[in-house]
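Each reported figure results from applying straightforward, stated rules to the coordinates on display, with no laboratory input. Small disclaimer: the values here were computed from a predicted structure and weren't measured. Here Cβ is always computed from backbone atoms with ideal geometry, including for glycine, and neighbour counts include all displayed protein chains.
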């Protein structure tokens, strides 16, 4: 139970962190980056200062040991030179240091005045060999509240090798230690101050930098369903936000177009539904206005059935379009004999074509990879549309063209009245019909071409319309080439 609560707490904390504003995130990242840089810089400066001081102090003690060694190794009988190095120079120097010379039994032979009280011989480290001239000293604290850098080294004599000597030197580094401590606290104060300043600067810079984004936010808040014509416009924005503004305006263009189409679709749908319903209500009202003979009621019911059939077709077509939205339904593709399928559609409409005095011709052959039922429905809708708008004595041609390793095209051309250029981009919209079509074919609903477009989208293809007023229209179904594979037997 506790682990589950801990997991829930972690999820809640993670959700809260994801909800941080962009200003807070940028400020935190800026402060964190500045803090890391300041800390690294402070560490480097502190380390370099301490290393330089340590190197200088150690070099000073090494030089003093080497000077004393040279005097001892030469075995000079003049003790004044050795006394000068051990007693006189340390006492007269502005730098506070001490030197002691011990015999092979550890007894002091010579030392700087006052050294015995401050620095007993046992407090020094073990002496280094004579050939080790670069040994580092050790820091000792607490001797009379001072800080000392101590170093010991052996000093053999060439003339008297049996009388080994030991040199002990110590340098008072108390002032340097205090300076280093002060330097450390100063760097810490600089780092803390820099972090606090970077926090304020980061917040200010972030707010100023994100001001255009806030302006875009306010601009988008003014856009509502009744004000889809409003645009942000990309002019005047930073480069990074100009592309966002253009993308947002493009989205608004698509939304406005979709909204207008939806409004027009709703109006057209209401119009298409109102006509058969009004017809049904009128016929029912007339039939019920007074007693009538059974034969009259029968004619009324037959007329009503036609309107019911029209409503049923309209609803079926709308349901088909709704199912095909986003290609949500699966289709079964198979090699389809184009000539046989087109001939079947032509025979179905043969009686209607003869009645209207329109000649229907089929040309070409081939095999297309498509759903046989949907393929025949697409061709049927195009042929029905052509027959409706082709005058008596006209001609409709259905032609199949197969391209090597390319798309398969089915073209339905008629010699009818044609379609104006301003209507071509919208003829595949649902329920869209030009005024001429409404007057010539009042029973149509404007869904046939929309269904053709949806069928082609399911097949991954397209439909293209070409027309000139008075010269007929041509609709081309473009099916993509079949995927490579074994040929069907």
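If neighbour count is taken as other Cβ atoms inside 10 Å, put 154, 117 in order from fewest to most. Walk me through the numbers before you get to the answer.
Values: 154 20, 117 9.
Going from least to most buried by this count: 117, 154.
Order the peptides 410-418, 105-113 from the highest to the lowest mean number of other Cβ atoms within 10 Å of their residues.
Most protected by this proxy first, the peptides run 410-418, 105-113.
Within 10 Å of each residue's Cβ, count the other Cβ atoms and sort 427, 65 from fewest upward. Display every interim value, and only then the final one.
On the way: 427 20, 65 25.
Going from sparsest to densest Cβ surroundings: 427, 65.
What is the gain in length, in nm to one decimal, between residue 256 and residue 113 on full extension, counting 0.36 nm per residue of separation less the C-alpha to C-alpha distance? Display every interim value, and only then the final one.
Working: separation 143, 0.36 × 143 = 51.48 nm, distance 9.93 nm.
Working it through step by step, the gained length comes to 41.6 nm.
Arrange 477, 40 by Cβ neighbour counts within 10 Å, fewest through most, would you?
Details: 477 25, 40 10.
In increasing order of surrounding Cβ atoms, one gets 40, 477.
Rounded to the nearest 0.05, what FRET efficiency do residue 104 and residue 67 give with R0 = 35 Å and r taken as the Cβ-Cβ distance? Could you check? Provide the component values of the computation, followed by the final result.
On the way: r = 21 Å, r/R0 = 0.60.
About 0.95, to the nearest 0.05.
Grab the beta carbon distance between residue 330 and residue 217, set R0 = 25 Å, and tell me the FRET efficiency rounded to 0.05.
E between residue 330 and residue 217, to the nearest 0.05, is 0.05.
Assuming 0.36 nm per residue, please report the length gained on full extension of the stretch residue 204 to residue 95 beyond their Cα-Cα distance. Don't jump to the answer; show the numbers that get you there.
On the way: separation 109, 0.36 × 109 = 39.24 nm, distance 5.15 nm.
Extra length available between residue 204 and residue 95 comes to 34.1 nm.
Peptides 20-30, 293-303: what's the order by average Cβ count within 10 Å, highest mean first? Present the calculation step by step, with values, prior to reporting the outcome.
Working: 20-30: 14.4, 293-303: 11.5.
The packing order, highest mean first, is 20-30, 293-303.
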